[in-house]
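Scroll down for the structure; my scribbles are underneath it.
The values are calculated or read from the model by the stated rules, or taken from the named source; none is laboratory data. This one's a predicted model, so the numbers in the text were calculated from it and none came from an experiment. Note: ideal-geometry Cβ built from the backbone for every residue, glycine included; neighbour counts use all protein chains shown. The protein model used for the area step is the full one, side chains on, heavy atoms only, and it has no ligands, DNA or RNA in it. Shrake-Rupley method; radii C 1.70, N 1.55, O 1.52, S 1.80 Å.
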Amino acid sequence: MTKIVNHWIGGKTVEGASGTFGPVTDPATGEVTTKVAFATVDEVDAAVAAAKDAYVSWGQSSLAKRTEILFKFRALLDANRDAIAELITAEHGKVHSDALGEVARGLEIVDLACGINVQLKGELSTQVASRVDVASIRQPLGVVAGITPFNFPAMVPMWMFPIAIATGNTFVLKPSEKDPSASLKLAELLAEAGLPDGVFNVVHGDKVAVDRLLEHPDVKAVSFVGSTPIARYIHTTASANGKRVQALGGAKNHMLVLPDADLDAAADAAVSAAYGSAGERCMAISAVVAVGSIGDELVEKIRERAEKIKIGPGNDPTSEMGPLITAAHRDKVASYVKGAAAEGSEVVLDGSDFRVDGFENGHWIGISLLDKVPTTAKAYQEEIFGPVLTVLRVDTYDEGIALINASPFGNGTAIFTRDGGAARRFQLEVEAGMVGVNVPIPVPVGYHSFGGWKDSLFGDHHIYGNDGTHFYTRGKVVTTRWPDPSEGPSGVDLGFPRNH
């Protein structure tokens, strides 16, 4: 019997009423294993109404109470790592170890939320004028929403809701319809931890659900992670409806390799960062920029390592890389490789026709490596989101930095070198929000914020860290004057308050 994934509204499972369902496949077999209910406008409204009702008490709850629940949630999350990872593998396809790593990175933000009191403590200035004190405090917004992608169905929601609810907001999550089960497991664990009904809600669906969240008058802020075109749409639409927005878009992350770099370390890093999670991550290295005469040697070292990657079902412990999320996405990724030679690239490895014996209907694709790629090629210009690594050649550091900065994307980047001066210059000159120095995937730890520049971010706030706390709260400044008990009324004064 096909599994049905329903909504989570007001602290319980709510069966979908629309009669419309989306298919969820096992990427390793191509088999439809689950159907997910798509929400109507009325069902989205019900989730927002539940969150609004819950906010009346949750927004006024003590910080101690909120963090107590989050500590319990953290313990449950830790105890259920394997179960959540299995759900991710079954619907996304990534290997189990990679799914476990995703849960661990989400846990980092839960840790941050458990200690949110440091970020919320506010400021106080006393005696700014005669018996006048000024305090700055931060308060929650109300109902906030998160719209999350398929590639990290547990981690990205946990980049959002722990901080949102720790700061006193209530939350409505619209996860990807391609792998929805992990979000329901998180909802169940939050309820088990004692989170009041309605503080966290999940509605599944497509553009109908998304658009209703973007226009709903009771939703005060929207967080999004996904492709650049959709991020731009989310930002434009939600902003037009008066909402605060953080919308993280796509990427084309470059890795600049200087002639003095340890080429073995650089090749290891390039392979790990390009092909991990089958390249389905916005922080994947998709373009290596080789400087000077090292290009041939570096490409050969990458090829030697890439050819040894074991591709297979995500639940096979010997697999290092799993399938892609859907057959349509697999075909799109393959098209970049099949058209590469005609656009002037040298195809070193072509994985476009790869298949796994016994799993012929899975969404398989192998490792692809393209060398001497021109900047005019589609494989360079567009975000592929698959296991395709492009290598570009430049003669100098200056040419390399100019090439990177000309990209419309500015999510993450890296430099590999032994030269501290060059590395320092790079981190100051490169136009990207996250920079790695001999680190290929510079995803910040939880207490620093994640976010890019240019077409990789729409809105003023990065996600999690201090930016996350500021995004989900608004500042208030309170000026207080208490008369001394010995004073009588001072009379009316229509001018500015005297400071002395």
Practice problem: Give the residues of the stretch 218-235 that are touching a residue at least 24 places away in the same chain (Cβ under 8 Å) and of a type outside the set (A, V, I, L, M), sorted by residue number. | Solution: ASP218, LYS220, SER223, PHE224, GLY226, SER227, THR228, ARG232, HIS235
Quiz item: With respect to the numbered conditions (1) open to solvent by 50 Å² or more (accessible area, probe 1.4 Å); (2) closer than 30 Å to ILE365 by Cβ, which one is the sole condition not fulfilled by ARG74?
Solution: (2)
Quiz item: Among PRO140, PRO157, PRO149, PRO162, which is the only one that is under 17 Å from the mean Cα position of the chain (by Cα) and open to solvent by 10 Å² or more (accessible area, probe 1.4 Å)?
Solution: PRO149
Quiz item: Do you know which of the residues in the stretch 116-134 that are assigned to a strand (DSSP E or B) and hydrophobic (A, V, I, L, M, F, W, C) is farthest from PRO162 (Cα to Cα)?
Solution: ALA129
Quiz item: Can you find even one residue in the stretch 23-33 that is under 30 Å from GLY115 (Cβ atoms) and open to solvent by 10 Å² or more (accessible area, probe 1.4 Å)?
Solution: no
Quiz item: Which condition number does ALA17 fail, the rest of (1) open to solvent by 30 Å² or more (accessible area, probe 1.4 Å); (2) among the hydrophobic types (A, V, I, L, M, F, W, C); (3) at pLDDT 95 or above being met?
Solution: (3)
Quiz item: Can you tell which of LYS65, LYS52 is surrounded by fewer than 16 Cβ atoms within 10 Å (Cβ to Cβ), over 23 Å from the mean Cα position of the chain (by Cα) and of a type in the set (D, E, K, R)?
Solution: LYS65
Quiz item: Under the condition of being under 18 Å from the mean Cα position of the chain (by Cα) and of a type in the set (Val, Ile, Thr), which residue from the stretch 90-115 is surrounded by the most Cβ atoms within 10 Å (Cβ to Cβ)?
Solution: ILE109
Exercise. Using the structure shown, decide if ARG474 is open to solvent by 50 Å² or more (accessible area, probe 1.4 Å), in contact (Cβ under 8 Å) with a residue 60 or more places away in the chain, part of a loop (DSSP other than H, G, I, E, B) and out of contact with any helix residue (DSSP H, G or I) (no Cβ under 9 Å at 6 or more places or on another chain).
Key: no
Practice problem: Just give me the residues in the stretch 165-210 being more than 20 Å from the chain's Cα centre (by Cα) and open to solvent by 10 Å² or more (accessible area, probe 1.4 Å), in sequence order. | Solution: GLU188, ALA191, GLU192, GLY194, LEU195, PRO196, ASP197, VAL208
Quiz item: Which condition number in (1) free of Cβ contacts under 8 Å to residues at least 60 places away in the same chain; (2) within 15 Å of SER181 (Cβ to Cβ) is the one that PHE71 fails?
Solution: (2)
Quiz item: Scanning for something of a type outside the set (Lys, Arg), part of a loop (DSSP other than H, G, I, E, B) and in contact with a helix residue (DSSP H, G or I) (Cβ under 6 Å, 6 or more places away or on another chain), does the stretch 326-335 turn up at least one residue?
Solution: no
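Which residues, taken from the stretch 317-331, are among the charged types (D, E, K, R) and free of Cβ contacts under 8 Å to residues at least 24 places away in the same chain? I'd like the intermediate steps shown before the answer.
Going through the stretch 317-331, the residues among the charged types (D, E, K, R) turn out to be 320, 330-331.
Matches in the stretch 317-331: ASP331 only.
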Quiz item: Can you name the number of the only condition in (1) open to solvent by 10 Å² or more (accessible area, probe 1.4 Å); (2) modelled with pLDDT of 95 or more that PRO489 fails?
Solution: (2)
Exercise. Among what's in the stretch 240-296 and is in a loop (DSSP other than H, G, I, E, B) and free of Cβ contacts under 8 Å to residues at least 60 places away in the same chain, pick the residue that is least open to solvent (accessible area, probe 1.4 Å).
Key: LYS243
Self-check item: Condition met for SER456 (open to solvent by less than 10 Å² (accessible area, probe 1.4 Å), farther than 16 Å from GLY400 by Cβ and of a type outside the set (D, E, K, R))
Solution: yes
Exercise. Kindly indicate the residue of the stretch 343-398 that is in contact (Cβ under 8 Å) with a residue 60 or more places away in the chain, out of contact with any Phe, Trp or Tyr (no Cβ under 8 Å at 6 or more places or on another chain) and assigned to a strand (DSSP E or B) and also nearest to SER456 (Cα to Cα) among those meeting that condition.
Key: VAL391
Self-check item: Of the criteria (1) under 24 Å from MET283 (Cβ atoms); (2) surrounded by 18 or more Cβ atoms within 10 Å (Cβ to Cβ), which one ASN405 fails
Solution: (2)
